[in-house]
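The values are calculated or read from the model by the stated rules, or taken from the named source; none is laboratory data. As the structure is a computational prediction, the values presented were derived from the model and not from experiment. A quick note on method: Cβ atoms are made from the backbone with ideal geometry, for glycine too, and the neighbour counts reach across all protein chains shown. What goes into the accessible areas is simple: the full protein's heavy atoms, side chains included, and nothing from ligands, DNA or RNA. Shrake-Rupley method; radii C 1.70, N 1.55, O 1.52, S 1.80 Å.
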Amino acid sequence: MTTAGTHEFTVTDSELLIESPILAVRKDTLIMPGGTSSTREIVEHFGAVAVVAFDGERIALVRQYRHCVQERLWELPAGLLDIADEDALVGAQRELLEEAGLEAGQWSVLTDLITSPGFCDEAVRVYLARDLTQSERPEAQGNEEADMTMEWFPLTQARDMIFNGEIANSIAIAGILAADAVIPGRVEA
């Protein structure tokens, strides 16, 4: 018998169930504590980046339609790392320009998170971008980004929007709360 927290979960079989352009689903069979086997379905994801763009007082939030929940959600500028071997910082810079029409002179990592580890391997790196300049936002080509809006909010208001239910996106929640601790210097990122 093994001590709790020390079992090696060995994968004995893995089967690809679905493959699509931005994700895949596989079924792994693994050995559980006690020697039995069990299956787990896993959503494979490219990974993503998000950006807390801070102008010294406010952060940029985008409002985007999300069909899975059939709502427009307040979110950080963010996107998939779907270009082969793309560096996360380069992806964050691209997304900030595409979604908010902004470029930044100063970048730092705020936090890394795994969005839903019970069934998905999506990992997201959230950056803090400062020293912002307005740039021309590339024209969206017929996808939901064509309907996206961007607004500025004081950081404290964005934090309050989390607690009153106006911001429900987990990546935005993590990024805003991290920024709310890092920017005033209570925590060092």
(request) Give the carbon-plus-sulfur fraction of the accessible surface of region 1-118 in %, rounded to a whole number; probe 1.4 Å, heavy atoms of protein chains only. (result) 52 percent
(request) Calculate the dipole size of region 131-173 relative to its Cα centre from +1 charges on Lys and Arg beta carbons and -1 charges on Asp and Glu beta carbons; express the result in debye to the nearest 20. (result) 200 debye
(request) Provide LEU16, LEU102 ordered by accessible surface of protein heavy atoms (probe 1.4 Å), highest first. (result) LEU16, LEU102
(message) Quick check: at a probe of 1.4 Å, how many percent of the accessible area of region 122-189 sits on carbon and sulfur atoms?
(response) 46 percent
(message) Keeping every protein chain present and rolling a 1.4 Å probe, give me the accessible area per residue for region 64-189 in Å².
(response) 56 Å²
(request) Could you tell me which of rounded, prolate or oblate describes region 99-173, using a ≥ b ≥ c as the square roots of the eigenvalues of the alpha-carbon gyration tensor, with rounded for a/c under 1.5 and, failing that, prolate when a/b is larger than b/c and oblate otherwise? (result) rounded
(request) Using label points projected 7 Å from each Cα along Cα→Cβ, tell me how many nm separate ALA168 and THR115, to one decimal. (result) 1.5 nm
(message) With +1 assigned to the C-beta of every Lys and Arg and -1 to the C-beta of every Asp and Glu, and no other charges, what is the dipole magnitude of the chain about the Cα centre in debye, to the nearest 20?
(response) 580 debye
(message) Name the residue from PHE46, ALA88, MET32 whose Cα lies farthest towards the positive end of the charge dipole of the chain, charges +1 on Cβ of Lys and Arg and -1 on Cβ of Asp and Glu.
(response) MET32
(request) Give me the distance in nm between label points sitting 7 Å out from Cα along the Cα-to-Cβ direction at PHE9 and HIS67, one decimal. (result) 3.1 nm
(request) Specify the inter-centroid distance of region 1-40 and region 79-97, based on alpha-carbon positions, in whole Å. (result) 30 Å
(message) Are there any GluC sites (Glu not before Pro) in region 11-101 that are in a DSSP loop and have at most 11 other Cβ atoms within 10 Å? List them by number.
(response) GLU57
(request) Give a quick list of trypsin sites (Lys or Arg not before Pro) in region 105-189 that DSSP marks as loop, anything other than H, G, I, E or B, with at most 10 other Cβ atoms within 10 Å. (result) ARG186
(request) Would you calculate the separation in nanometres between label points at THR29 and LEU177, each defined as 7 Å from the Cα along the Cα-to-beta-carbon direction? (result) 3.9 nm
(message) Explain nothing, just the number: relative contact order of the chain, from Cα pairs under 8 Å at least 6 residues apart, as a whole percent.
(response) 22 percent
